[in-house]
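Read through the structure below, which is laid out as structure tokens, and then see the notes.
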Amino acid sequence: DGLKQEKRKAERTINELHNQLDEAKSETNKECRLKERAESYAQELGTEVERLKRKQMGQLTSFDSAEINNELSRLKIEIEKKTSEYEEQISHL
């Protein structure tokens, strides 16, 4: 009778260990999935940061181009004005 009790106790212990092993495997799989998701999310964020940097640089470039275009327009107007003044001065001579 004592051996049967020891055997049942050992079987319960073995079953409990199997359950703990299954739980540990489940937790490990869950942690792996979470880690993969976190890495994927981090990669997406990195990609988004790079995209925003490129966009910002594009805006800066566009802004610089706009400034350059404004300056060119201003200089063209100034040249035309000086040309007109020069031609007017010549016509008075």
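The local environment of residue 10, defined by Cβ-Cβ distances under 12 Å, has a net charge of +2 under the rule Lys, Arg +1 and Asp, Glu -1. Ranking of 77, 14 by solvent-accessible surface, largest first: 77, 14 (1.4 Å probe, protein heavy atoms only, all chains present). Surface analysis of the chain yields an accessible area of 97 Å² per residue, using protein heavy atoms and a 1.4 Å probe.
Given the choices [x] 15, 46, 31, 8; [y] 14, 20, 19, 17, 12, 10, 7, 1; [z] 13, 14, 12, 11, 10, 9, 8, 7, 6, 4, 3, 2, 1, 0, P(r) over Cα pairs in 10 Å bins from 0, in percent derived from the coordinates of this structure is entry [z]. In this structure residue 83 has an accessible area near 60 Å², from a 1.4 Å probe over the protein heavy atoms. What is the percent carbon and sulfur in the accessible area of region 1-61, measuring with a 1.4 Å probe over the protein chains and ignoring ligands? Carbon-and-sulfur percentage of accessible area, whole number: 54.
The values are calculated or read from the model by the stated rules, or taken from the named source; none is laboratory data. All values reported here derive from a predicted model rather than from experimental measurement. Note: ideal-geometry Cβ built from the backbone for every residue, glycine included; neighbour counts use all protein chains shown. Surface areas here come from the heavy atoms of the whole protein model, side chains and all, with no ligands, DNA or RNA. Shrake-Rupley method; radii C 1.70, N 1.55, O 1.52, S 1.80 Å.
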